[in-house]
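K.L.:
Below you will find the structure I want to go over with you.
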Amino acid sequence: MNLRAFLLLSVLFLSISTISASEPGVIVFKLKEEPLIRIGLATSAGSVTISTGDTQLVSVSASEQPKFLETAKVTVSARSYQPPVVEYYHFDIDDIATKEEADQVAKDVRESTGEKAEVSYGDKPNTPNIWRVRIGDRKETIEEAGAYKDFLSDKGFDEAEMTTEKVTLPSQDALALTQQLKTTGNSQVRSLTSAKPGGPNSNSSNGVKSTVMTDIIQPAINPNLREVVVAGTSTPSRFSSLKPIAFGSVNERLTPVRVGGKAYRGRIEVFVNDRGSLTVVNVVALEDYLRGVVPNELGLPAIEAQKAQAVAARTYAVANINQFGKQGFDLLPTTRSQVYRGYSSESQMGTRAVEETRGIVATWHGKPINALYTSTCGGRTENSENIFEFNEPYLRGVECSLEGHLQFDPFLVKSSREPSRIREESYLELVRQAAALSVNGFSMQTSRFSDEWFEEQPNQSELTNWMGQLALRFSKPTPPVTANSGKPTEIARVLASFMYADSYADTLLSESDINYQLSFLDAGEIPRESRANIAALLRDGWMSLYPDMTLQPNRTYSRAKMLRLVLQIYDKKKWMPQMQTGAAQPSVDGKLVLKSGKSTRQLTVRPDVYLFRQFGDYYYQVKEAALIGGETVGYHTNFAGEVDYLEIKPTTAVTTAERMSSFTQWNATLSASAVQARLSRYVRGIGSLIDVRIAQKGYSRRATDLEIVGSNGVFHLKGGKIRSALRLKEQLFVLNKRYEGTRAVSYSFTGRGWGHGVGMCQYGAFGLAKMGQKYDQIVKHYYTGVDLTKAY
């Protein structure tokens, strides 16, 4: 694209064609080529510094050849237009007393010189009745005048005097701009955008003068014209113009031009506006514009989210070309349009997102949509008509999540173990404790914990293992296990050997001490040789009775009873299995992801992991559980570093796709006077504020109609004005008030989200991308029923 083509001084006209797709009745949106976008960087600048890192700047104005400025930096300002003043030279013979004498002098001049001579009445002050003869035509240069004076002297007319006439001669551009300002209606542009060069009276404002016809009277120009003044260090860089001037680098792709030190692709155009100051516009190809938008609108590290943002931003730009046409540009670089920070803000991922979606726009029935988007939607987006004064069928409220359990599938941690099947509440916590013992060396020979399993007696293999684990802890030899090893008397013998010296209880407890400890219902059934050991163990809290206050010495312990005995000992000895703890990040491929300093680490979860999730006050064994981030976890790893036990305390934070935003939940408290002050800017005549109520809500439960009760009556504030008036982050809130009598004196807003809540949720797009959704799925999720079209 050449330099002249790159500059569009008038608003870009898009040649749009619609063609039928393969399906009858389907309309496809097409552009003939990639459009240029005009971004209003500044709208009231007194002066602006434009520079480049290249060899020199290049300037371009309409109907003129590009000018190489021989400098890398200029300052541009505006000043009142100063039409050039031209000097003309005349030759007169003055002070002739009578007309007859003047006529004779004129005759002599004509006969002697062959030049014309015209008689006129003199116009010198205080010299009435004086005549004058003007000889020849006016001369345009001093050199020409000097030669003519010598000519007249040679002919004998030394008395001919040279007089100077100064004429203000506006340029053709000034005349054209004057006419433009009469016919352009409410345009705020005050530089010439429709110049028609040429014509006999044209005097360009760069100092190059064309032929001047003396017999044409110059029309009046607008006295308020202002021109753009360029000041640089070289002669070519010092000039002025009534036209917009665009500046670029010699090699624009490699060396962007800078405004006040900030780099931009494309060109920088400067023109005068209706305030007499400068408007500064970045004229840039759409795809290059998007490079400076995507990282600033959605810089979150997910390529599919950034691609969705690129499509939304491209669509918004195409749909809103000429939005600020009266001011001479299309879009603003702020949230009023889209945040654009130029070349220096570009990112590798953002550029990739733009390139991989080049030319793709979202359309509805063959037209680009108004692709609104919001930072954080609070879990649901809203219908456009409930916030704005338009109703678009594609801007419908949607959930900021995938349907049902699809929302959590990417974050699931799974276990091949069958969850416990428990009816007896007393076994609920024992399941978790048994699992913790299992990963700490205790053999649990079952595929599923159940009431029946706990109520049955441990088999010999389990009992051998459990006694062996106790022996290991007490640093004692593993005792032999027999059919009677699970009975209280045999257990007491083994435990006494672990805890006390040989014959400790028999030696140090008297019969009275023993009887004192064995004062329960079936103590008489205990064999004599076991009484002392059981008394000592009960006294010291190492054993316990059944709930009916019996020991049942001849009844073999069930697994539940035996495990509780082990846990009792572990608790007293402070040997309880210790779990590592942490705050979970979103799970990746079924792994446990934990924050570790400024980084994260991933732990492999065994397929047969003991997996527990808290519901209410208790933990339940589950087959799968989602780790979306923010959960508190307790876990145990085996010798290989794999997680073999995992318990999850669910997060209390939101679970929607936009959960990574810091604005998912917020609070604000305002006094009644503060609320009244804010509302009064939008609703006049309230009087003294009495109460504020949410009268109506939209699809997303946003407040869409605010009822305001004042001493002067009841008023209503609707739509997006609610958020603007109250100056809240969002209007998705609940309202809690404190009253004194019937008057609310304090208002507490508890809300979710940040922004207007319509269209694509940017944090939601990021969340969906992290869940594996592609950019087209994300775009179609938030914009109902749209098509994605390759427009160029």
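K.L.:
With +1 on the Cβ of every Lys and Arg and -1 on the Cβ of every Asp and Glu, and nothing else charged, how large is the dipole of segment 239-318 about its Cα centre, in debye rounded to the nearest 20?
P.N.:
Taking the Cα centre of segment 239-318 as origin, the dipole is about 180 debye.
K.L.:
Just the isolated ones, please: cysteines in the chain lacking another cysteine beta carbon under 4.7 angstrom.
P.N.:
Taking the Cβ cut-off of 4.7 Å, the unpaired cysteines of the chain are 400.
K.L.:
Kirkwood-based Rg over Rh for segment 370-503 (C-alpha set), two decimals?
P.N.:
Using only Cα positions, Rg/Rh for segment 370-503 is 1.40.
K.L.:
Same structure again: Could you report segment 694-792's accessible area per residue, 1.4 Å probe, as an integer in Å²?
P.N.:
Value returned for segment 694-792: 43 Å² of accessible area per residue.
K.L.:
Students often check this: by mean Cβ neighbours within 10 Å, which of 160-172, 640-652, 234-246 ranks highest, and how do the rest follow?
P.N.:
Answer by packing, highest mean first, reads 234-246, 640-652, 160-172.
K.L.:
Could you please state, rounded to a whole Å, how far the C-alpha centre of segment 593-672 is from the C-alpha centre of segment 278-344?
P.N.:
Taking the Cα centre of segment 278-344 as reference, the centre of segment 593-672 is 37 Å away.
K.L.:
R0 = 60 Å: FRET efficiency of residue 159 with residue 322, Cβ-based, nearest 0.05?
P.N.:
Plugging the Cβ-Cβ distance into 1/(1 + (r/R0)^6) gives 0.35.
K.L.:
Please compute the per residue accessible area over segment 70-197 with all protein chains in place, 1.4 Å probe, rounded to a whole number of Å².
P.N.:
On a per-residue basis, segment 70-197 sits at 56 Å².
K.L.:
Also, I was wondering about something else. Sum up the charges of everything whose Cβ sits under 15 Å from the Cβ of residue 752, counting Lys and Arg as +1 and Asp and Glu as -1, but leave residue 752 out.
P.N.:
Residues close to residue 752 contribute a combined charge of +3.
K.L.:
Kindly rank 80-92, 370-382 from highest to lowest mean number of other beta carbons found within 10 Å of each residue.
P.N.:
The peptides rank, most packed first, as 370-382, 80-92.
K.L.:
For segment 695-710, what does the Karplus curve 6.51 cos²θ - 1.76 cosθ + 1.60, with θ = phi - 60°, yield as ³J(HN,Hα) per residue in whole Hz, taken in order and with x for Gly and Pro?
P.N.:
8, 8, 10, x, 3, 7, 6, 5, 5, 10, 8, 9, 8, 10, 9, x
K.L.:
If you don't mind, another one. What ranking do 348-355, 105-112 get when scored by the average of other Cβ atoms within 10 Å per residue, highest first?
P.N.:
Result, highest mean Cβ count within 10 Å first: 348-355, 105-112.
K.L.:
Over the chain, what per residue volume does the convex hull of the Cα atoms give, in whole Å³?
P.N.:
Looking at the chain, the number lands at 292 Å³ per residue.
K.L.:
Now, a different point. Can you give the percent of C-alpha pairs in segment 232-390 whose distance is more than 27 Å?
P.N.:
Here the tail beyond 27 Å accounts for 32 percent of pairs.
K.L.:
So, one more: Report the relative contact order of the chain, percent, no decimals, based on alpha-carbon pairs under 8 angstrom and at least 6 residues apart.
P.N.:
Once divided by the residue count of the chain, the mean separation gives 14 percent.
K.L.:
While we're looking at this one, here's another question. Taking θ as phi - 60°, what are the ³J(HN,Hα) couplings along segment 434-447 by the Karplus curve (6.51, -1.76, 1.60), each to the nearest whole Hz, with x for Gly and Pro?
P.N.:
5, 5, 5, 5, 4, 7, 10, x, 8, 7, 10, 8, 7, 8
K.L.:
Let me ask something else. With unit charges on the beta carbons (Lys and Arg positive, Asp and Glu negative) and the dipole taken about the Cα centre of segment 423-555, which residue among 426, 472, 457 sits farthest to the positive side?
P.N.:
472
K.L.:
Is the shape of segment 512-627 best called rounded, prolate or oblate, per the rule: a/c under 1.5 gives rounded, else a/b larger than b/c gives prolate, else oblate, with a ≥ b ≥ c the square roots of the Cα gyration tensor eigenvalues?
P.N.:
Prolate, since a/c reaches 1.5 and a/b exceeds b/c.
K.L.:
Please compute P(r) over all alpha-carbon pairs of segment 502-567, binned at 5 Å starting from zero, and give each bin as a whole-number percent.
P.N.:
Going from the shortest bin to the longest, the percentages are 3, 17, 29, 26, 17, 8, 1.
K.L.:
Amide H of residue 398: which non-local residues (sequence gap of 5 or more, or other chain) have their own amide H closer than 5 Å, using H built in the peptide plane?
P.N.:
Under 5 Å from the amide H of residue 398 lie the amide H atoms of 381, 382, each far enough along the sequence or on another chain.
K.L.:
A further question follows. First measure r as the distance between the Cβ atoms of residue 691 and residue 615, then evaluate 1/(1 + (r/R0)^6) with R0 = 41 Å and state the FRET efficiency to the nearest 0.05.
P.N.:
Computed FRET efficiency for residue 691 and residue 615 comes out at 0.55.
K.L.:
Check which residues have an amide H placed less than 5 Å from residue 322's amide H, if you skip close sequence neighbours.
P.N.:
330
K.L.:
Looking at 293, 345, 663, which one has the Cα that reaches farthest to the positive end of the dipole of the chain (charges on Cβ: Lys, Arg +1; Asp, Glu -1)?
P.N.:
The Cα lying farthest towards the positive end belongs to 663.
K.L.:
What does the accessible area per residue of segment 592-690 come to in Å², with a 1.4 Å probe and no ligands, DNA or RNA counted?
P.N.:
Value for segment 592-690: 48 Å² per residue.
K.L.:
To continue, here is another question. So for the chain, taking the charge dipole from beta-carbon charges (+1 Lys/Arg, -1 Asp/Glu), which of 575, 672, 148 sits furthest toward the positive end?
P.N.:
575
K.L.:
What is the percent carbon and sulfur in the accessible area of the chain, measuring with a 1.4 Å probe over the protein chains and ignoring ligands?
P.N.:
Result for the chain: 48 percent of the exposed heavy-atom area is carbon or sulfur.
K.L.:
How much of the DSSP beta bridge set in the chain is antiparallel, as a percent to the nearest 5?
P.N.:
Within the chain, antiparallel bridges account for around 95 percent of the total.
K.L.:
Still on this structure, I have one more. Measure out, as a whole number of angstrom, how far apart the alpha-carbon centroids of segment 478-527 and segment 762-791 sit.
P.N.:
Between the Cα centres of segment 478-527 and segment 762-791 lies a distance of 71 Å.
K.L.:
What order do 255, 482 take when sorted by accessible area (1.4 Å probe), most exposed first?
P.N.:
Largest accessible area first, the residues go 482, 255.
K.L.:
Counting Lys and Arg as +1 and Asp and Glu as -1, each charge on the Cβ, what is the dipole of the chain about the Cα centre in debye, to the nearest 20?
P.N.:
Roughly 1960 debye, rounded to the nearest 20.
K.L.:
Determine ³J(HN,Hα), in whole Hz, for all residues of segment 312-321 in sequence, where each value follows from phi through the Karplus function 6.51 cos²θ - 1.76 cosθ + 1.60 and θ = phi - 60°; x replaces Gly and Pro.
P.N.:
Those phi angles translate into 5, 5, 5, 4, 4, 5, 5, 5, 10, 4 Hz.
K.L.:
Non-local amide H neighbours of residue 192 (under 5 Å, H modeled in plane, Pro and chain starts lacking H): which ones?
P.N.:
Hits under the 5 Å cutoff: 243.
K.L.:
Would you mind computing, in nm to one decimal, how far apart the modelled labels at residue 668 and residue 70 are, each placed 7 Å from Cα along Cα→Cβ?
P.N.:
Label-label distance for residue 668 and residue 70, simple model: 5.8 nm.
The values are calculated or read from the model by the stated rules, or taken from the named source; none is laboratory data. From a predicted model like this one, the values you see are computed outputs, not experimental measurements. Because the Cβ atoms are built from the backbone with ideal geometry, glycine has one as well, and the counts that use them run over all protein chains shown. Heads up: the accessible areas ignore ligands, DNA and RNA and are worked out on the full protein's heavy atoms, side chains in. Shrake-Rupley method; radii C 1.70, N 1.55, O 1.52, S 1.80 Å.
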